[in-house]
Structures are given as structure tokens and as C-alpha cells.
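The values are calculated or read from the model by the stated rules, or taken from the named source; none is laboratory data. Quantities reported herein were computed from a predicted structural model and do not represent experimental measurements. Don't worry about glycine lacking a Cβ; one is built from the backbone with ideal geometry, like all the others, and counts go over all protein chains shown.
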Amino acid sequence: MTQAVQTATPAGVDPRTRTQIVAAVLLGLFLAALDQTVVGTALPKIVTELHGNDIYTWAFTSYILTSTISGPIYGKLSDLFGRRPILLFAVSVFLLGSLLSGLSQEMWQFVAFRGIQGLGAGALFPVALAVIGDMFDASERGKYQGFVGAIFGLSSVIGPAIGGLITDNVGWHWVFFVNLPLGALVFAVIWRALPTIRPDAARPKIDYVGASVLAAALVPLLIGLTDKQTGNWTDPSVGGLIALGLVLGAVFVAVEARASEPLVPLGLFRNRSFTLSVIAMFVATMAFFSPIVFLPRWFQVVGGSSATQSGYQLLALLAGLIISAMGSGQIVARTGHFKVLALAAAATLGVGLFLLSNLRADTPLPLLFVWMFITGLGVGPMFSIFTLVVQGAVKPQQIGTATSSLTLFQQLGGSVGLAIAGTVFGSRLAEELPRELAASLPPQVAAGFAASGTGALGQLTGVGDLGQTILAAAPVAVRAQLEPFIPAIVEAIHRAFSIATASTFTFGIAAAAVAFIVVAFLRETPARQAKTEDETLAA
């Protein structure tokens, strides 16, 4: 019988202690993942109090930048020095960043302290996954990696709701202070229970040059992708920075090829299972980001939901994700096979996105929830299966590096997917809006509406009472003429917005199809052959 992953010897701790370690690691992972999304609903109040509207996007960007850049570095360091000291350091930095973020008095301080938070979170993502890889052999690993997939999905969906709840009832500062007691618990369990294991008695060599070049490449690349949400591909702040990041990425590859102890060993990419898993995770994340980002906005703009309500309305997506993530982990753990499950997940994701591409302004919510549930079923296995494959395809002393590389491409896939989907959305909305307005209004009213400047996309796609927003923005001289047509205008905007939102899922279908093709080339290798492959890589 073939099996999906190579059997490794788990760390020598008793089952009860292992359970405590895994629980603490998963809690730390949840806090780090939650802080990517929890700020969204708290940010309006933070920006108002700290007077930082001009740099508000950096509250997200600084966290994502530092966590993405530091992830591969922490992964390699954990292979060199052991998981325990790296995790303890990361939790400490994360808690320091949380405390300082809650104490911020000015917006620039908040942005800087969010960056410190991200420096801690950068280790919690890959090293937490590596700890699970260390603690359990192949027959058990899948059970716990399924929980990891569920945690990522849960944090993505409930983060905005938790942020809104805390901000409205206690204050935005406690969005960050709540991390302190929970993080302290994580620190205490890791300090007490996680064994100190040095992989090698020899003095480790740190690839300082590689780490510096990697950071230099990722900073412009991620900033350029973030700027794409408000700019064009040809803008220097978008296309220019992305091009600079890609050039420096090529320099990083050249540096790593010559390094004696590279940060990311290029030999990993000669491992078929590792390379295909990384590619599949990258494109699957691209596909998944469209519903996570654009469905809440559709619920708010078209459905009239609040930010908190739109978070709850994603529960159908979350339910499918959790069920499939945990179920797939159990199946892989019991059968040793992953390929059919991964193919089914990619196909289900594509089917779910195809159904979502039929979204319209009058789509019944129960039907939409069914579509979301199917999409979630396709997403869940991706988070657990590819981590299992990567950890089983490399030598035990490379688990941290390989896992952090997978996490890096997962985060990059989300950034690239968001940039492309945003471009598709904006282009389609600009096409559909004039068409829908022309079909709903008399020609003279449509012409007057366009000429008045009221039809700016930013004004027409906001939340709240859209009709009142349109009237307030219109010149006084045309308000009386425009007012009888406000219901028709609002309906036309909702139709155009829905079609544009649906088009982002069409892009996701293509990404899911690529993931399916990539997974088809994966091989379920017997353990003996996997060991031979690792020995070849080491040589």
C-alpha cells in the first residue's frame, strides 16, 4: 500500500503533554491569524481617534509585510536552533506588539507597533505547523493539520465580527489587549512542555545575506500588490514596485544557489512533491481570496448588512471549510492517501466558484449560502493536505524550512489573487454600471446623472443609504429631477455591483482549474522511495 507521507519519529513526550503543546500552538496560531482580520471593523474608530485616515491601509500592510517576510527566516532558524526558542521569542514579540498597539496614541505609532506584531506572527504560522510535524508521525499528523485548516478559516470569518463586538462594547484598545492573557498562556505551556531539541551539535551558519535580499525583494512586491487595490498596473507604485521585487527575487535565487547554508535550499524545488504542493497552494489561495474579500462587501453594499452582520453571513462558507478540513485530515491519517482527496477538493472549489459566478442582486440568500458551503468544502482540504505532503516529502531537519516556504507562497497567492480579482472587479463594474443605468433610466436623466459627477464609482459602491448618498452628492439644481428615479438608480447599481462581484469568482475558477492540473501530477510515493528522494536532496 502506498502512503502520502514519510514516517518520522515524533518527539519523545507523553501523549498528555503532546496534547497540551498542540493546543497551545493552535491557540497561538489562531491569535496570529485572527489579528490579520480582526482590525478591519475596529479600524474606522482607530483612524478617527488617532487621526490617521491618510495612512490607514498601512494598519494591514505593516502586519502582513513583517509576518510574510519573517516567516521563511524563522522557519530556517527553527531548523537550526530548535522550535522552542524560536516560538518563545515569537510569542514574546507578538505580545509586545499587541500591548504597544493597544497603547498607541498616534497613527504612526499604531502602524509601527502592528509591524512588531507581525514580526511575532511570522514565526507562529510556519513554526507552529512544523511543531505538529515534529510531534506526530505520518499516521497521526493529518488529524491535527486538519485543525490548522479549520483555524485559518475560522479566523478569516469571525475576525471582523469579534473586532466589531469588542470595539462597540469595550473599546478598540481591547482588540489587542485580549491577546495578552491568551498569549501568556501559550508562552507558559511552550516554556514548560515543549522539549528543547537542538538538531545539530555543530555551530549553525545563518544566511544573513539571503535573509536581507529576501526581505528586500518581498517589501516592494507586497507593497506593489497592496497598492494595486487603489492604483493601476502601470503606476510606478504598483507595476514599478512589483517589477523591482521580481528582479530582487531573481537576485535572491542567485544568492541562495551559492550559500553554504541557504535560507531556502533550492534543492527543495527538485523535490517533485514539494514543488507541486507549493504551486497548488499558491493558486488555490488565489482562488479562495475572492469569496473571502468580495462576498462581505456584496452583503454590505447590495444586502444592506453591517460589517459585523456580513461576517456572520460567511458562516456557511466557514462550515464547509471546517467540516472538510478536519474530515480530510482524518481520511489522510487513516488511509495514507491524499491525491484523490486533493483532486476532489480542487474540483469542488471550482464548482463552488462556478455557482457563485451566477450571483445577482436578486439571488436568494438560502441559495447563496448553499453555494458558499460547497465552496468551503473545496477550500478546507487545501490547508491540511499540502502541509502534510510537504512535511512528509522532506527530511525531518528541513521541516521548518519547507513549511515556512509553503506558508510564504500561501500568503503571496492571497496577495496576488486579491490584486488580480480587484482589477477584474473594477473593470467589470466600470463596464456594467453605465449599461445598467442606461437600461433603467430615460436617456436625458441618465445623461444628466453622469454629467453631474454623482456617478463616481467610489460614491456608488459605499455602504449605508445609497439613495440618500446619491441625492446628497448631486447638485441642488438636478435633485428634484433625479429624486423620482433614485430607486431605479439604486437597483441598477446593485445589479452592476453583483455582476462585477460574480466576475471575480470566474477568475477563481481558472485558478482552481490550475490547482487541479497541478495536483494531478503529484505522486503518492511509498515511504521507502520518499526516503531515497530525501537522501538524494541531501546529497
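A few notes on this one:
- Failed item in (1) more than 18 Å from the chain's Cα centre (by Cα); (2) closer than 29 Å to L246 by Cα, with F338 passing the rest: (2)
- Condition check for S415: in a helix (DSSP H, G or I), modelled with pLDDT under 85 and either in contact with a helix residue (DSSP H, G or I) (Cβ under 8 Å, 6 or more places away or on another chain) or of a type in the set (F, W, Y) (or both): yes
- Only one of the numbered conditions (1) without any contact (Cβ under 8 Å) to a residue 12 or more places away in the chain; (2) surrounded by 19 or more Cβ atoms within 10 Å (Cβ to Cβ) is not met by A284, and that is (1).
- I116 being at pLDDT below 85, in a helix (DSSP H, G or I) and of a type outside the set (S, T, Y): no
Conditions (1) assigned to a helix (DSSP H, G or I); (2) of a type in the set (A, V, I, L, M); (3) within 21 Å of the chain's Cα centre (by Cα), marked per residue:
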position: V111; (1), (2), (3): yes, yes, yes
position: G122; (1), (2), (3): yes, no, yes
position: V127; (1), (2), (3): yes, yes, yes
position: Y144; (1), (2), (3): yes, no, yes
position: L182; (1), (2), (3): yes, yes, no
position: F187; (1), (2), (3): yes, no, no
position: P195; (1), (2), (3): no, no, no
position: A211; (1), (2), (3): yes, yes, no
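- Of the set (1) surrounded by 24 or more Cβ atoms within 10 Å (Cβ to Cβ); (2) within 28 Å of S260 (Cβ to Cβ), all apply to G142 but (2).
- Against the list (1) surrounded by fewer than 20 Cβ atoms within 10 Å (Cβ to Cβ); (2) modelled with pLDDT of 80 or more; (3) touching a Phe, Trp or Tyr at 6+ places or on another chain (Cβ under 9 Å), the condition A184 fails is (3).
- Restricting segment 460-512 to residues that are modelled with pLDDT of 70 or more and among the polar types (S, T, N, Q), the residue that is nearest to D362 (Cα to Cα): S498
- Segment 41-90, subset assigned to a helix (DSSP H, G or I) and either assigned by TED's automatic domain parsing to the domain that holds V293 or aromatic (F, W, Y) (or both), residue nearest to A193 (Cα to Cα): F89
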